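As structure tokens, the structure follows; a few thoughts come after it.
The values are calculated or read from the model by the stated rules, or taken from the named source; none is laboratory data. Note that the structure is a prediction, hence the values are computed from the model and not measured. As a convention, Cβ positions derive from the backbone with ideal geometry for all residues, glycine included, and neighbour counts pool all protein chains shown.
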Amino acid sequence: MTRFLKKLQSIAPFLSIIGLSIVHALLLNPWVFASEMWAEMATNYYAFSESHSWAIKTLSLDSGYYPLPMRAISLGVSLFNVPSQTIPLVYNLIAVVLTGSIVGLFTLPIFRHMVQSDWLRWLTSVVILIICDWETRTFINFPYFGIWICGMLITVSLLKKTDAPPRWGWVFPILMMSKPHYLALMPATIIAAIKTKTKWRWLMISSIALQVIQCVVIAISASNGVMRPVTEATPFLVKIKALFWHALGYIGAFGLGPRWQGLSPVALVIIGLIITGGSLGAILYSKRASRAAKTMIGIGLSIVILTFAMNTILLSHQWPINATQFTRIELYRSC
């Protein structure tokens with residue numbers, strides 16, 4: 001009984017984040033109990049799950065990439081013969097619970113190797129859960145929350161303070177094959193596969209394998225005219241300039257919070273440059289910063305820069321150098 005209570009105590013913060021996710025979603029927007037589907041919930045996941053072809057049920061793409069978690073969930077709902085009028089509610093509730101579960105993982109004891117304070121990790125999870133808008137929590141977008149927690153798990157593996165990953169860590173490869181933006185984690189995952197201990201290494205290799213498969217899927221889709229990068233005559237150096245312009249501008253805006261509004265793009269870029277320079281200085285020269293902090297900073301900066309590299313190089317018509325993206329600064333989909 002004592003062992004059970006200790007186990008329950010260790011996961012109580014995790015369970016509280018799931019509960020907060022449900023309550024917050026209900027207060028944020030009435031869509032959870034709405035009998036309607038949001039965007040690709042209807043046109044892709046529900047529609048294809050009702051197909052008579054198992055190939056369509058299981059292998060259909062979404063905008064040129066393979067969304068493994070969402071496809072598995074929609075297939076499971078179909079196999080349980082959930083009434084059609086209830087399916088929107090089921091999809092939405094699953095998305096809200098999984099959102100809380102992903103964000104709440106940071107409260108678990110394994111992340112004490114990074115941040116010792118349980119309360120600080122719980123508060124971090126609450127903040128991340130609250131600041132993202134309701135669309136982020138929908139069935140088609142909830143995996144975006146996992147980019148952050150996957151980066152944190154890579155950090156734990158690189159610290160080499162645990163011999164093996166937690167059993168729930170095998171969700172990591174599944175999330176890696178949910179959204180193209182997870183490819184921004186590939187360099188960090190490769191470094192972890194090389195430097196971590198053996199049991200961690202198998203987890204990283206599995207993740208890399210699914211990332212490579214996703215790359216192949218996207219490449220094939222592009223060759224077939226789906227998710228094709230725009231090939232307008234934008235010089236490559238201009239795209240690189242746009243990459244750093246947007247990356248530094250968003251880092252500056254995220255650093256300022258709501259106070260970014262009203263500042264010029266140049267000011268945001270300068271502030272972002274100061275934050276980035278300070279972060280790199282902490283990694284390279286600070287003797288007081290812990291190894292965990294340095295690793296977190298390095299992985300975080302790499303995610304931001306590589307995400308904007310994909311945006312500005314492959315989708316330069318949507319992310320031009322004229323800073324039109326600075327009219328709205330949102331946490332999800334921008335990184």
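Quick notes on this structure:
- Subset tally (residues that are of a type in the set (G, A, S) and either loosely packed, with under 15 Cβ neighbours inside 10 Å or not in a helix (DSSP H, G or I) (or both)) for the range 4-28: 3
- Residue count, the range 240-299 (criterion: under 22 Å from the mean Cα position of the chain (by Cα), of a type in the set (S, T, Y) and under 23 Å from K160 (Cβ atoms)): 2
- Annotation: of all residues in the range 106-142 being among the basic types (K, R) and in contact (Cβ under 8 Å) with a residue 12 or more places away in the chain, the one that is surrounded by the fewest Cβ atoms within 10 Å (Cβ to Cβ) is R121.
- Close pairs (6 angstrom Cβ cut-off, 6 or more residues apart or separate chains): farther than 13 Å from A95 by Cα in the range 68-84, of a type outside the set (A, V, I, L, M, F, W, C) anywhere: L68/S178; L75/S49; L75/K57; S78/S49
- Just one of the listed residues (S78, S101, S74) is buried (at least 21 other Cβ atoms within 10 Å of the Cβ) and in contact with a helix residue (DSSP H, G or I) (Cβ under 7 Å, 6 or more places away or on another chain), and it is S74.
- For the range 192-204, the criterion of being in contact (Cβ under 8 Å) with a residue 12 or more places away in the chain, closer than 28 Å to A253 by Cβ and either touching a Lys or Arg at 6+ places or on another chain (Cβ under 7 Å) or not assigned by TED's automatic domain parsing to the domain that holds S302 (or both) is satisfied by no residue at all.
- Matching residues in the range 261-291 - criterion: being in contact (Cβ under 8 Å) with a residue 60 or more places away in the chain and either touching a helix residue (DSSP H, G or I) at 6+ places or on another chain (Cβ under 6 Å) or not in a helix (DSSP H, G or I) (or both): P265
- Subset of the range 96-130 [of a type outside the set (F, W, Y) and under 14 Å from the mean Cα position of the chain (by Cα)]: L98, T99, G100, S101, I102, V103, G104, L105, S125, I128, L129
- Matching option when the condition is at pLDDT below 85 and either assigned to a loop (DSSP other than H, G, I, E, B) or charged (D, E, K, R) (or both), among P229, P258: P229
- Residues of the range 37-94 satisfying the condition of being more than 29 Å from L183 (Cα to Cα) and assigned to a loop (DSSP other than H, G, I, E, B): E50, S51, H52, S53, F80, N81, V82, P83
- Any hit, the range 29-45, residues being surrounded by 12 or more Cβ atoms within 10 Å (Cβ to Cβ), over 30 Å from V127 (Cβ atoms) and of a type in the set (A, V, I, L, M): yes
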